Amino acid sequence: MVPSAQPKLDFIPPTFNPLILRLIHWSLPILQRFRLRPWLPSGITKIEILNGEILVNLYHQFQLGKIRLILAFRHCEVDDPLSGLYLFSRGIPQIARQQKINLKLPIHNHFMYDRGMTIWAGDWLGWLFAQLGGIPVHRGKTLDLQAIKKTRELLINGKFPLVVAPEGATNGHSEIISPLEPGVAQLAFWCAEDLAKANRIERVIVVPINIQYHYINPQWSKLDWLLSKLEADCGLSKQTVGIATTEQPEKLYSERLLRLGEYLLSEMEDFYRCFYHRHLPDLSEDCDSREENITLRLKKLLDVSLQVGEDYFGIKKTGNIIERCRRLEEAGWNYIYREEPDKFKHLSPVKKGLADWIAAEADLRMLHMRLVESFVVMKGTYIQEKPCFERFAETTLILFDAIARIKGNINPRRPRLGFRKSTITVGQPIDISDRATVYRQNRQGAKQSVAQLTQDLETALKEMVF
């Protein structure tokens, strides 16, 4: 379906509904196991919580009015909310009972989510998130004033703590942390500022929380099936692997993934050379291995892909790759979501036709950015560094996403490769009370405080990866 011009996206105010939350909690075991796909029973079957007593004590202090709480959750893939819902609906209450700490139910959180999710998932998701207390935010905007205002209000007066994903987007890797965005740190300092202005003495606490997945029984046969499908999509000859006879499937699958990755890189390099007139040099002489060659070529390809979108929208190439993606996304939205709803209804047929034209072209240009998002932290040596089933599966699924997008499926449904265990690790709390003093001194102090807290959060999350 060719996209057409639309009225501007409205802010969806959070309207927490305890009945909807209760329904979600009741259905959670089914969602975890099947994830709304009953014909494919291969979801999360076990959830482990490490250091959960830290969170119990913090919730107790929050409910007593002693602290305001921000939970900086690692968000590596779309199943993360299911793990988080289990933590708060079952895990934390159970640990609290064991410690004989009386917590008021329900244990829940306000949370920030990307406003763009409702575009590809549908309006129903915006309604559901609003009922659960979610706050929509435009990721690419320098200042989403409505989202910031509502978030700051809930941070100091909300009934629940706030959950934020500091990476800003999923990267598909359990063991790689993307560079953190400064949003969590900035919100923490704003909260401290707002509390001080209101003459309130609560401390502001930020807690890093990691989510990591492991396959319980690696299903190499399913991985073989998916790789064969991707090879067929690329016109490569099928490489059959004798799963039962080999004792080292890692070597065989590593070769298949390398071949698939090299093919895709070559095709995309030729695509940008031929149709977008971009220079992509031969880097083979600069590398000692195929893996290093893939890493260098991929880095250059992602840069060129973003340049194509930036040139079209007239955006300067500044910042890291994630920041560039966010600016491109917002530029595309500005071309598609054009007018206020009342004004949009009265566009002349000619103006509406031209608006549809530019919206369709903007959507196509944004595909370059979507492709980059799929590979934002990928590197050719990822499997070589630790050749385990999880890394093979993650890499193959990321390639699946990219190939599906190239084929025209913007929102592909990922196949499942087996039952998984989710491990939630609660990190040590970070009290920003002392840091807030430096933050309030001057603009430079504020900038340094935000950067340092962001770096400390990133370090904490990396230390929890195992």
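The values are calculated or read from the model by the stated rules, or taken from the named source; none is laboratory data. Everything quoted here is computed from the prediction, not taken from an experiment. Cβ atoms come from the backbone with ideal geometry, glycine included; neighbour counts cover every protein chain shown. All accessible areas refer to the heavy atoms of the entire protein, side chains included, with ligands and DNA or RNA removed. Shrake-Rupley method; radii C 1.70, N 1.55, O 1.52, S 1.80 Å.
Quick notes
- Residue match in the range 237-244 (condition: under 30 Å from residue 279 (Cβ atoms) and either touching a residue at least 24 places away in the same chain (Cβ under 8 Å) or open to solvent by less than 50 Å² (accessible area, probe 1.4 Å) (or both)): no
- Options 160, 129: the member that is modelled with pLDDT of 95 or more and either of a type outside the set (A, V, I, L, M, F, W, C) or within 28 Å of residue 411 (Cα to Cα) (or both): 129
- With respect to the stated conditions, residue 314 is more than 23 Å from the chain's Cα centre (by Cα), modelled with pLDDT of 85 or more and small (Gly, Ala, Ser).
- Cβ-Cβ distances below 8 Å connect the following pairs, each with a first residue in the range 45-66 that is in contact (Cβ under 8 Å) with a residue 40 or more places away in the chain and of a type in the set (D, E, K, R), a second residue that is open to solvent by 10 Å² or more (accessible area, probe 1.4 Å) and in a helix (DSSP H, G or I), and a separation of six or more residues or different chains: 53/95.
- Every condition in (1) modelled with pLDDT of 85 or more; (2) assigned to a helix (DSSP H, G or I); (3) surrounded by fewer than 15 Cβ atoms within 10 Å (Cβ to Cβ) holds for residue 279 except the one numbered (2).
- Residue list for the range 335-360, restricted to those being assigned to a helix (DSSP H, G or I) and farther than 25 Å from residue 11 by Cα: 349, 350, 351, 353, 354, 357
- Residue within the range 394-404 that is exposed (fewer than 14 other Cβ atoms within 10 Å of the Cβ), within 30 Å of residue 275 (Cβ to Cβ), out of contact with any Pro (no Cβ under 6 Å at 6 or more places or on another chain) and not polar (S, T, N, Q) present: no
- Close pairs from the range 184-204: first touching a residue at least 40 places away in the same chain (Cβ under 8 Å) and among the acidic types (Asp, Glu), partner open to solvent by less than 40 Å² (accessible area, probe 1.4 Å) and assigned to a helix (DSSP H, G or I), Cβ under 6 Å, at least 6 apart: 194/156; 202/195
- Selection status of residue 457, touching a Lys or Arg at 6+ places or on another chain (Cβ under 9 Å) and open to solvent by less than 70 Å² (accessible area, probe 1.4 Å): no
- Filter pass, residue 335 being more than 18 Å from residue 119 (Cα to Cα) and open to solvent by 30 Å² or more (accessible area, probe 1.4 Å): no
- Qualifying residue in the range 410-419 (condition: buried (at least 20 other Cβ atoms within 10 Å of the Cβ), among the small types (Gly, Ala, Ser) and closer than 30 Å to residue 92 by Cα): no
- Single condition residue 229 does not satisfy, out of (1) assigned to a helix (DSSP H, G or I); (2) within 30 Å of residue 326 (Cα to Cα): (2)
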